[in-house]
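Trainee: Take this structure first; my questions come after.
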There are 2 protein chains.
Amino acid sequence: MPRAPRPLNPAERLDWLRLIRSENVGPVTFYQLLARYGSAAAALEALPELARRAGRKRPLALCARDAAEREMAAVAKAGARLVAWGEPDYPALLAAVDDAPPLLSLCGDAALLRRPAMAMVGARNASANGRRFARDMALQLGARGLTVVSGLARGIDAAAHQGALPTGTVAVLAGGIDIVYPEENRELHALVAERGALLAEMPVGTEPQARHFPRRNRIISGASLGVLVVEAALRSGSLITARFALDQGREVFAVPGSPLDPRCRGTNDLIRHGAVLTETADDVIAEIEAQLVPATSPPPPPEPEPALPSGSSELAGAMARVLEHLSPAPVPVDALIRECGLPAALVNAVLLDLELAGRLERQPGQRVALAG
Amino acid sequence: MPRAPRPLNPAERLDWLRLIRSENVGPVTFYQLLARYGSAAAALEALPELARRAGRKRPLALCARDAAEREMAAVAKAGARLVAWGEPDYPALLAAVDDAPPLLSLCGDAALLRRPAMAMVGARNASANGRRFARDMALQLGARGLTVVSGLARGIDAAAHQGALPTGTVAVLAGGIDIVYPEENRELHALVAERGALLAEMPVGTEPQARHFPRRNRIISGASLGVLVVEAALRSGSLITARFALDQGREVFAVPGSPLDPRCRGTNDLIRHGAVLTETADDVIAEIEAQLVPATSPPPPPEPEPALPSGSSELAGAMARVLEHLSPAPVPVDALIRECGLPAALVNAVLLDLELAGRLERQPGQRVALAG
């Protein structure tokens with residue numbers, strides 16, 4: 001992942017926006033293109049030919065300059081701004097995640113993103129006790145100097161934001177930064193925007209759809225030292241966030257509950273599998289104490305990848321091999337590389353071509369699948 | 001610990017009863033005396049002189065033959081009988097505990113003691129949900145062929161017995177086998193005596209006192225493959241049972257609960273420290289499956305200890321050293337042996353003398369303290 005050594009200038013920011021909004025360009029591909037071509041502008045120029053050689057029939061739909069300018073204006077109109085990966089206001093912990101959003105809409109107090117953060121998530125149909133617990137816990141974590149990050153959903157999320165409003169809370173939205181969801185949280189949305197901060201990866205104006213929620217969850221966990229799950233049923237979205245947290249090397253915390261309450265089966269199961277049993281803020285602090293120094297700069301950039309000519313015969317052979325091992329069921333990229341028996345750089349180059357050609361779907365947690 | 005290779009004959013049983021009811025003779029001393037003198041009768045004969053040489057001023061009060069005979073008659077009148085360590089009806093797992101009662105009053109179905117058993121204990125002021133959970137869990141464990149062992153207390157204990165009445169349950173009483181405690185469990189006491197089994201270490205007619213409960217708890221855990229704690233406050237009696245279970249090498253299971261309920265703080269803490277998080281009977285069965293073969297015979301006898309002459313000069317020197325390391329605060333015998341830097345057999349001989357002289361108190365979990 002390349003590092004932005006300084007704030008982007010307006011032209012660069014527009015190019016970044018155009019590149020990430022172009023067809024078939026997700027975060028992983030974005031960073032690979034940036035590394036290969038040196039700038040978003042150069043990548044935009046190379047994209048059409050790259051996609052054609054990767055086997056794409058229709059031309060790749062680039063994001064037009066005026067569309068990007070309109071989005072910029074809409075972001076500003078919504079009272080927000082775009083923060084780029086590696087800029088000072090971009091959450092430092094999130095920057096270390098492999099598929100971190102190249103650009104985030106940000107509204108509110110950016111200083112909250114520079115403090116150490118704890119995520120709190122949980123059931124939408126939470127019990128009254130669960131919501132009370134979440135509110136108190138958020139209050140106490142806030143008092144210890146932690147920013148409380150959540151997803152502004154009903155139930156536990158909303159309670160966590162409410163508890164941390166006085167000390168600082170960040171809501172990560174599944175849709176655009178100006179879209180209130182769910183409707184019942186309209187007032188809270190406004191309060192968090194005013195006294196805390198909102199973050200969104202999707203373009204302004206985007207209504208949240210089911211597929212946006214897992215992507216949102218990876219940002220919640222990625223921006224935080226750990227994720228505390230308060231009430232969660234088995235096979236619930238909160239457990240997906242916990243799974244991302246583990247993939248991202250974050251600590252997972254869970255609040256125990258009665259086996260008679262289905263809303264506790266998920267958290268109990270997390271504890272059974274190693275999550276920190278959490279009853280008080282002290283339980284959280286004890287685990288993350290060592291990391292409670294203010295985050296400063298993003299991680300150092302990795303070595304640039306060796307450039308591989310798209311459409312070369314080496315790539316063509318590798319692509320056949322990679323396709324054999326891909327299916328509509330997602331597999332981790334690591335496992336794919338092992339199974340193919342090819343150099344990682346070569347497999348990554350193939351995956352980039354496949355994504356540009358619209359034949360690959362990237363999923364959070366470094367998993368890939370054939371596009372349906 | 002010596003092994004009783006066959007059922008005791010009536011005279012031996014009476015001698016065992018006299019020896020364990022004699023002043024200052026607890027289970028550990030009982031087995032040491034039996035090992036040293038070969039029989040309870042010979043130990044009874046040697047006791048007065050032994051106690052005198054150990055530094056006792058008043059003569060040691062032996063249990064008189066007619067007192068023992070009266071107790072025997074009272075046991076029979078209560079519809080019970082005395083079972084000796086190592087006899088077929090003595091719980092085989094309990095027999096492997098170092099301070100297992102040499103004699104137990106038993107009333108009811110002895111066959112239940114030969115099946116694998118699980119203990120269930122918990123708060124007396126249990127919640128309605130906790131009691132419901134305990135009843136259902138006991139029913140399910142019973143359906144899997146496990147005898148459910150508990151203490152016939154209010155709350156969780158009573159619910160566990162109720163749930164396991166149809167399949168088989170054993171109540172271990174803190175007082176005598178004929179003493180109903182608490183009064184509100186009178187009907188349950190009668191039901192367990194009729195359809196399950198009652199066990200008691202204390203003489204028939206003994207009203208339970210505070211110091212009897214920890215002793216009772218060591219029998220509950222000792223007779224079982226594991227102990228499931230359902231609702232327990234911090235620093236509660238149920239946690240003492242869990243502690244015994246660990247000392248005895250038993251598995252500890254705990255039911256999680258809300259941090260907002262003080263009755264769950266103890267169980268949550270057990271889970272935090274390694275107890276098996278338990279939501280269903282499957283969680284229990286999965287852990288103990290390998291041991292679910294019917295218990296058959298008691299463990300093999302340990303090597304007999306080398307006889308050490310009481311009152312010898314070697315013993316006198318050792319006694320001074322041991323006394324330096326003893327205080328009214330209980331210490332584990334193992335630690336005492338290490339601290340004294342003396343052979344274990346010598347320290348054990350000193351402890352036996354001290355106990356007979358009334359200067360030592362033995363506590364469950366192989367701990368000893370100076371008598372107050």
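The values are calculated or read from the model by the stated rules, or taken from the named source; none is laboratory data. What you see is a predicted model, and the numbers here were worked out from it, not measured in a lab. As a convention, Cβ positions derive from the backbone with ideal geometry for all residues, glycine included, and neighbour counts pool all protein chains shown. Only protein heavy atoms, including side chains, enter the accessible area calculation; ligands, DNA and RNA are left aside. Shrake-Rupley method; radii C 1.70, N 1.55, O 1.52, S 1.80 Å.
Trainee: So which helices (runs of 4 or more DSSP H) are wholly in the stretch A:90-197 and hold at least 2 residues that are without any contact (Cβ under 8 Å) to a residue 12 or more places away in the chain and within 14 Å of chain B (Cβ to nearest Cβ)?
Mentor: Correct list: A:128-143.
Trainee: Now a separate question. Looking only at residues in the stretch A:316-372 that are small (Gly, Ala, Ser) and assigned to a helix (DSSP H, G or I), which one is surrounded by the fewest Cβ atoms within 10 Å (Cβ to Cβ)?
Mentor: A:Ala320
Trainee: Could you check how many residues of the stretch B:132-161 are touching a Leu at 6+ places or on another chain (Cβ under 9 Å) and farther than 24 Å from B:Glu287 by Cβ?
Mentor: Residues flagged as touching a Leu at 6+ places or on another chain (Cβ under 9 Å) and farther than 24 Å from B:Glu287 by Cβ within the stretch B:132-161 amount to 2.
Trainee: Let me ask something additional. Under 9 Å by Cβ, and 6 or more places apart or on different chains, what pairs join a residue from the stretch A:266-289 that is closer than 10 Å to B:Leu277 by Cβ and facing chain B (nearest Cβ under 8 Å) with one that is among the charged types (D, E, K, R) and in a helix (DSSP H, G or I)?
Mentor: So the pair list comes out as A:Ile271/B:Arg272; A:Arg272/B:Asp283; A:Leu277/A:Asp283; A:Leu277/B:Asp269; A:Leu277/B:Arg272.
Trainee: Kindly state which helices (runs of 4 or more DSSP H) lie completely within the stretch A:1-84 and contain at least 1 residues that are loosely packed, with under 14 Cβ neighbours inside 10 Å and among the hydroxyl-bearing types (Ser, Thr, Tyr).
Mentor: Correct list: empty, since no element meets the threshold.
Trainee: Please find, among B:Leu228, B:Leu165, B:Leu173, the residue that is closer than 22 Å to B:Ile20 by Cβ and at pLDDT 95 or above.
Mentor: Going through B:Leu228, B:Leu165, B:Leu173 in turn, the sole match is B:Leu173.
Trainee: Does the stretch B:128-142 include one or more residues that are open to solvent by 10 Å² or more (accessible area, probe 1.4 Å) and within 22 Å of the chain's Cα centre (by Cα)?
Mentor: There is no residue in the stretch B:128-142 that is open to solvent by 10 Å² or more (accessible area, probe 1.4 Å) and within 22 Å of the chain's Cα centre (by Cα).
Trainee: Got a sec? Which of B:Leu246, B:Leu260 is of a type in the set (A, V, I, L, M, F, W, C) and more than 14 Å from chain A (Cβ to nearest Cβ)?
Mentor: Only one candidate passes the filter, namely B:Leu246.
Trainee: Conditions: (1) more than 20 Å from A:Thr278 (Cβ to Cβ); (2) within 14 Å of chain B (Cβ to nearest Cβ). A:Leu234 meets all but one. Number of the miss?
Mentor: (1)
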